[in-house]
Amino acid sequence: MEIVRSHRQLAAAAGGGGGGQGALPTYRTAPQLEVRLEEFELFAIDRLRVLKGISDGLSRGKKPQEMEKLVSELWKTHMRHQDPAENLNKDIISHFVLRLVYCRTEELRKWFLSMETTLFRYRFRIESPESQRMLMTEFQLPYKALPHSEFEAVKDKLTQVARSMGQSASVESVFFKVPFQEVPDLVASRRVYLSKGYAYVAMSQVVSLVVTQFRCNISKALVLTNRKWTATIKEQEKDRLTPIVEALSNAYFGPDYSQPKDAAEISLKDIDQLAASSFPLCMRHMLDKLRENHHLKHGGRMQFGLFLKGAGLKLEDALAFWRAEFSQKVGSERFDKEYAYSIRHNYGKEGKRTDYTPYSCQKIISATPGVGDHHGCPYRHFGEENLRAALNRMGVSGHALEEIMDKVKNRHYQLACTLTFEATHGVSCDSGINHPNQYFSESQKILRAKNQTVENRSAT
Ligand code: SF4
């Protein structure tokens, strides 16, 4: 299959261009085009890397200038096509593919909307003034520049607002009068003059107006796409696009943890000690529950079993480990009949013989554990009291604990886990935690280095 439309046709169909050099699309309507399947997936993965980078930047509390730099670097690194004439196609195709991927639940929609809006905001800011005006027209914003007489009547007030923001005494000459609810961020940060329900927005601030409109359009489009997805596309495309779309929302872009790192092995007898020193909270919790109940439901066996495989537990040891616990509850015979198969299956020894990959944080966080389930991410799925108690048991308290709880309140679960790692290991973790097996291997690396230092000291 081939992309059949030319770059310009496609750009026009999707609301691309907006004039100027930047060619920032508004993604108003999905283009009618054919795309090669591999491009469908690869373009989406590249855009996802950009959105994921933005999400990490925001949760690390980067300032607007730092974000501007980050967005521009991410875009250059991931969204350039080897044929520059295809850059715009890639931009538009990747956006619409991810719309399909991220329309399917409230949570996915929220994340996608927020990241795409942030991306659009920073891209709009670097467009030329002429291109910005064209985009305003394209969004059909009904605002006219303030007539001279009205401008003169409020000029003093506008100057006062400009001064309060540290700008020079001369005020900009082009302003738009808009209902204040359409520029919530400018109102919240007191960067506009308000009068009788209207905000006076300077030309340099129109990004707010455009972004509000962009956000509103994408939000509605996501809901509509979800309806179409559920009603027809999902079934029609069940052998072709549906598996790709479903895999993309759980995609993890770090190293592959399906095989243990550095050919490391862990043995049965060390599991409890390793859990205490190096397992992330999600895996400690499952080990505790397994020891307590001698049972874990399917979701827990998958999440924990694959983690142990990635950490270096060999199949024979894994079978012995699960048998030792489960047989106390269901007996050895039933374990061999009903449960051993799925453990061998995880190691690719049964069924399709696929070597299954340990779950990433993103996949674990988006799980929905039911009653009696113990899988999932504690930062996301525990109540506050339980989480505080669990962190206390890991030795985290005081200021560090409050900082972690603050991240949890703001739904930055991986960042909360990163802070836990830093608090329990006494070193910073700049890459952030993206995968439970990454948590484990980084922890082991640090502990090995500490042990080595102690050994060297005692040898001298
Ligand atoms: Fe586990 Fe990841 Fe949650 Fe940490 S953030 S507890 S590693 S799922």
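The values are calculated or read from the model by the stated rules, or taken from the named source; none is laboratory data. These numbers come from a predicted model, not from an experiment. Ideal geometry is used to build each Cβ from the backbone, glycine not excepted, and the neighbour counts take in all protein chains shown. Remember, those area values only see protein heavy atoms, side chains included, never the ligands or the DNA or RNA. Shrake-Rupley method; radii C 1.70, N 1.55, O 1.52, S 1.80 Å.
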Seminar exercise, completed: Within the range 172-219, of all residues that are open to solvent by 70 Å² or more (accessible area, probe 1.4 Å) and part of a helix (DSSP H, G or I), the one modelled with the lowest pLDDT is SER204
Problem set entry | Residue that is at positive phi, open to solvent by 70 Å² or more (accessible area, probe 1.4 Å) and of a type outside the set (Gly, Ala, Ser), where the choices are GLN160, GLN82, GLN140 | GLN140
For this session: Hey, could you check the range 96-107 for residues that are open to solvent by less than 40 Å² (accessible area, probe 1.4 Å) and within 15 Å of the chain's Cα centre (by Cα) and say which is nearest to TYR27 (Cα to Cα)?
Result: ARG99
For this session: Scan the range 366-383 and give yes if some residue there is part of a loop (DSSP other than H, G, I, E, B), modelled with pLDDT under 95, surrounded by fewer than 20 Cβ atoms within 10 Å (Cβ to Cβ) and touching a Ser or Thr at 6+ places or on another chain (Cβ under 8 Å), otherwise no.
Result: yes
Seminar exercise, completed: Inside the range 403-438, the number of residues satisfying the requirement of being within 13 Å of the ligand (Cβ to nearest atom) and open to solvent by less than 30 Å² (accessible area, probe 1.4 Å) is 15
Exercise. Of the residues LYS110, LYS76, which single one is under 25 Å from GLN65 (Cα atoms) and under 14 Å from the mean Cα position of the chain (by Cα)?
Worked result: LYS110
Exercise. Being at positive phi, of a type outside the set (Gly, Ala, Ser) and more than 10 Å from the ligand (Cβ to nearest atom), is that true of even one residue in the range 343-353?
Worked result: yes
Exercise. Taking only pairs six or more apart or across chains, which ones have beta-carbon atoms under 6 Å, a first residue in the range 397-413 that is at negative phi and not assigned by the TED database to the domain that holds SER114, and a second residue that is basic (Lys, Arg) and in a helix (DSSP H, G or I)?
Worked result: TYR413/ARG380
Problem set entry | Checking SER332 against (1) open to solvent by 70 Å² or more (accessible area, probe 1.4 Å); (2) over 26 Å from the mean Cα position of the chain (by Cα), the condition it does not meet | (1)
Problem set entry | Residues of the range 235-286 that turn out to be modelled with pLDDT under 90, under 25 Å from GLU422 (Cβ atoms) and among the hydroxyl-bearing types (Ser, Thr, Tyr), as a count | 2
Problem set entry | Boolean, SER131 is part of a helix (DSSP H, G or I) and open to solvent by less than 20 Å² (accessible area, probe 1.4 Å) | yes
